[in-house]
Amino acid sequence: HPLTEAYILFATPYFLYDIYAMFLCHWHKLQVKGHQETHSGGLKAAVPSYLRRELLMVLHHIFMVAFCFPASLVTMATQKLTVTFPLGKAQEN
C-alpha cells in the first residue's frame, strides 16, 4: 500500500532524529544548575549517562533503522517484482 511505503521512508529519518533529540534533552537536563546528575566531564560523561538511561529506546531505534528498514525495502521490491514478473508459465501469443 502506498501509505506503508511512505511511512517506511518517513520513519527511518525520524528514528535517527529521535535518538539525537532525546540526547539533546538529556544533555540540557545535565546543564541545569543544581541538577543531581551534573557532570563536569562534558560530552564524554553525558553519552554514557544517556545510554544508561535510554539504552532500550536507543537499541529499539537502531534496530528499526538497521534491520526493519532494509527488510521492508527488500519486501517491497520483491512484491513489486512479483507483480511485474509473476512466476509461472509465460503467456504465449
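The values are calculated or read from the model by the stated rules, or taken from the named source; none is laboratory data. All values derive from a computational prediction rather than experimental measurement. Neighbour counts are summed over all protein chains in view; Cβ atoms, including those assigned to glycine, are modelled from backbone coordinates with ideal geometry. We work out accessible area using only protein heavy atoms, side chains counted, and drop any ligands, DNA or RNA first. Shrake-Rupley method; radii C 1.70, N 1.55, O 1.52, S 1.80 Å.
Roughly how many Å² is the accessible area per residue of region 46-86, as a whole number, for a 1.4 Å probe?
Working: 3000 Å² over 41 residues.
Heavy-atom accessible area per residue stands at 73 Å².
Which of rounded, prolate or oblate describes region 46-86 when judged by the alpha-carbon gyration tensor and an a/c cut-off of 1.5?
Values: a/c = 9.11, a/b = 6.24, b/c = 1.46.
Verdict is prolate for region 46-86.
Roughly what would the spin-label model give for Leu73 and Leu56, points 7 Å off Cα along C-beta, in nm?
So the two model labels end up 3.0 nm from each other.
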